[in-house]
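The values are calculated or read from the model by the stated rules, or taken from the named source; none is laboratory data. If you're wondering where the values come from, they're calculated on a predicted model, not measured in any experiment. Quick reminder, even Gly has a Cβ in these numbers, built from the backbone with ideal geometry, and neighbours come from all protein chains shown.
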Amino acid sequence: MSLNIHRVAHRFGYQRVLEDIDLRVAPGEAVALVGPSGCGKTTLLNLAAGLLSPWEGCVECSFRRPAMMFQQPRLLPWKRTRDNIALGLKAAGQPRAARHATAAALALRMGLTEDDLDKYPSALSGGMQSRAALARALAVQPDLLLLDEAFSALDIGLKSELYRLLAEERDNRHCAVLMITHDLMEAIRLADRILVMAGSPGRIVAEHRVDTPLAERDESWVFTRTAEFIRWPDIRTAFALPELP
Amino acid sequence: MSRARLTLARRLVDGLAATGHYLWGGWGSLASLCLFFALWEFTAQRLGSLILPTPGEAFATLTGLFASGEAWPEIAVTARRALLGYVLALSLGSLLGLLAGLSVTASVMARPIVTLLVGTPPIAWLILALLWFGAGDGTPVFTVFIACFPIIFVGAMQGTRTLDGQLQAVAQMFGLPGWMKLTDVYLPHVVSYLFPGWITALGTAWKVVVMAELLATSDGVGAALAVTRSHLDTAASMAWIVALVGSLLAIEYLLLEPIKRKVESWRNFA
């Protein structure tokens, strides 16, 4: 079981967006793709998810249950939160009572209330919608979770709460994660491996391992590592930061 | 079990509250209707009953028409024609519109034709229909159909054209089977475009059928109107008009609007 992206190139019309991408995600591994806006991160994730077919190269995904959390919550506006969370389970043919029970249990763990479950997404706050979207992705018990800047619009309190939930989920079921973010701190907090992308056309320019176990990555450790990380020359070029004196 | 019952109870209470809210909202409409009748009464008193009968006279005549059993058969005939043309337009227009929306080429090609159909006045279609179908059911049914079709077609086409690509990606990602994509993703969206079209078309059907009957048939409300006109019987004319408008309002507010509220309840919580 793994996700293999081999020598992939992609273009929209005549514009080349990705070139020569090699990427592997092993079971249980968390890989973060960081890079400036518009460098093709989302395209790469869509390729990994099978939502796009690559122009060149091949994408092989042998994970059985991939799930994705999109940049926006993307809940179905005409379904109550309960049914939104249970969407993947309904698709898998689970009976109504069982999938509703699973959805409710997950939602409660995410800090949603019984009341929220009966609401339509438009009646939920942005943070609640994000929780519901994460619950929807986790409900199918994914072995690969794709995250597309899923936490970028949230406040720091909610972020750290969802990070904790995600870490719990990975501990419990060893699900692999491929996340894209432009938040270096997020990458350092969550990932085992950080791939740095640079733009036009997008390619992977550097790779860094983070070997500290998740449990030992506290606030101050994350701050220190991020400060170190941001001084690396390849990061500075990728994000077009001015050179250090 | 008890939790399920609780949820059910809450749904019920929510539903009742929504109905109450809807009916309470009717007070405003009722007030404006009263104002309208007052204005009518005032004008009628000024002009005299030959030119404009008072609401009282019109309603008395209408009651008389119902009491003598004269009204029902005519209304039934008219309703049959209007509904037949409407149902034809509804099924064909929805189906073709949805299909046209699926393809960019088809919708680009359909647009000028639709503009042409919408732009042609129903009276022109009526003349053609008279030539093709003569005096009988065919003429009003066809005129209703051709007047309603483009309205419904455009609504359906917009519905599929505006399907949200983001939600389609969600559907694909979570492996929704085909039927579920249809019932959970496509239809709820499309219906919100179809419904306004259906309602507008129903109003059009009701108006056009009377016009067609006035010129083409010897029975139905339109024909009855033609007779009252030739007898200079303004009170009866008004009575028929009240019957027409009243039935249209009844269908729209007692049938279609509640259905729409039910189907689109998710919008009201915004």
Checklist line | Enumeration of residues in the range A:182-220 that are within 17 Å of A:ARG231 (Cα to Cα), assigned to a helix (DSSP H, G or I) and acidic (Asp, Glu) | finding: A:GLU186
Next item on the list: Considering each of A:LEU112, A:LEU75, A:LEU89, A:LEU117 in turn, give the residue that is in contact with a helix residue (DSSP H, G or I) (Cβ under 7 Å, 6 or more places away or on another chain), at pLDDT 90 or above and farther than 23 Å from B:TYR186 by Cβ.
Entry: A:LEU117
Notebook entry, point to check: Looking only at the range B:229-261, which residues are buried (at least 19 other Cβ atoms within 10 Å of the Cβ) and either farther than 30 Å from B:GLY25 by Cβ or in contact with a Ser or Thr (Cβ under 6 Å, 6 or more places away or on another chain) (or both)?
Noted result: B:THR234, B:ALA235, B:ALA236, B:SER237, B:ALA239
Next item on the list: Please tell me if B:VAL208 is more than 9 Å from chain A (Cβ to nearest Cβ), buried (at least 17 other Cβ atoms within 10 Å of the Cβ) and out of contact with any strand residue (DSSP E or B) (no Cβ under 6 Å at 6 or more places or on another chain).
Entry: yes
Checklist line | Residue match in the range B:95-107 (condition: aliphatic (A, V, I, L, M) and closer than 21 Å to B:TRP206 by Cβ) | finding: no
Margin query: Given (1) outside the structural domain of B:ALA243 (by TED's automatic domain parsing); (2) farther than 30 Å from A:ALA97 by Cα; (3) within 23 Å of the chain's Cα centre (by Cα), identify the lone condition not met by B:PHE42.
Written below: (3)
Notebook entry, point to check: Which ones in the range B:194-205 are crowded, with 22+ Cβ neighbours inside 10 Å and of a type in the set (Phe, Trp, Tyr)?
Noted result: B:TRP198
Notebook entry, point to check: Can you tell which of A:ALA67, A:ALA86, A:ALA91 is within 14 Å of chain B (Cβ to nearest Cβ), without any contact (Cβ under 8 Å) to a residue 40 or more places away in the chain and closer than 14 Å to A:ALA139 by Cβ?
Noted result: A:ALA91
Check: Any idea which of (1) farther than 18 Å from B:LEU96 by Cα; (2) facing chain A (nearest Cβ under 9 Å) is the one B:TRP179 doesn't satisfy?
Finding: (2)
Notebook entry, point to check: If the Cβ limit is 6 Å and pairs must be 6+ apart or interchain, which residue in the range A:164-176 that is under 16 Å from A:THR212 (Cα atoms) and at pLDDT 85 or above pairs with which residue that is of a type outside the set (Lys, Arg) and not in a strand (DSSP E or B)?
Noted result: A:ALA167/A:LEU214
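Only residues that are in a loop (DSSP other than H, G, I, E, B) and of a type in the set (D, E, K, R): list them for the range A:146-170, please.
A:GLU149, A:ASP155 - these are the residues of the range A:146-170 that are in a loop (DSSP other than H, G, I, E, B) and of a type in the set (D, E, K, R).
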Next item on the list: Answer yes or no as to whether A:ALA48 is aliphatic (A, V, I, L, M), away from every other protein chain (no Cβ under 13 Å), under 30 Å from A:GLU19 (Cα atoms) and surrounded by 17 or more Cβ atoms within 10 Å (Cβ to Cβ).
Entry: no
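List the helices (runs of 4 or more DSSP H) inside the range A:1-118, counting only whole elements, that have at least 1 residues being within 26 Å of A:ALA191 (Cα to Cα) and within 20 Å of the chain's Cα centre (by Cα).
Working: elements: A:41-49, A:81-85, A:87-91, A:96-109, A:114-117.
Here the list reads A:41-49, A:81-85, A:87-91, A:96-109.
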Next item on the list: Pick out the one residue from B:LEU16, B:LEU30, B:LEU12 that is surrounded by fewer than 12 Cβ atoms within 10 Å (Cβ to Cβ) and more than 23 Å from A:THR81 (Cβ to Cβ).
Entry: B:LEU30
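With the requirement that a residue be touching a residue at least 12 places away in the same chain (Cβ under 8 Å) and either within 13 Å of chain B (Cβ to nearest Cβ) or touching a strand residue (DSSP E or B) at 6+ places or on another chain (Cβ under 8 Å) (or both), what does the range A:104-125 give you? I'd like the intermediate steps shown before the answer.
Here is the first cut: in the range A:104-125, the ones touching a residue at least 12 places away in the same chain (Cβ under 8 Å) are A:104, A:106-107, A:109-112, A:116-122, A:124.
Hits for the range A:104-125 are A:ALA104, A:ASP116, A:LEU117, A:ASP118, A:LYS119, A:TYR120, A:PRO121, A:SER122, A:LEU124.
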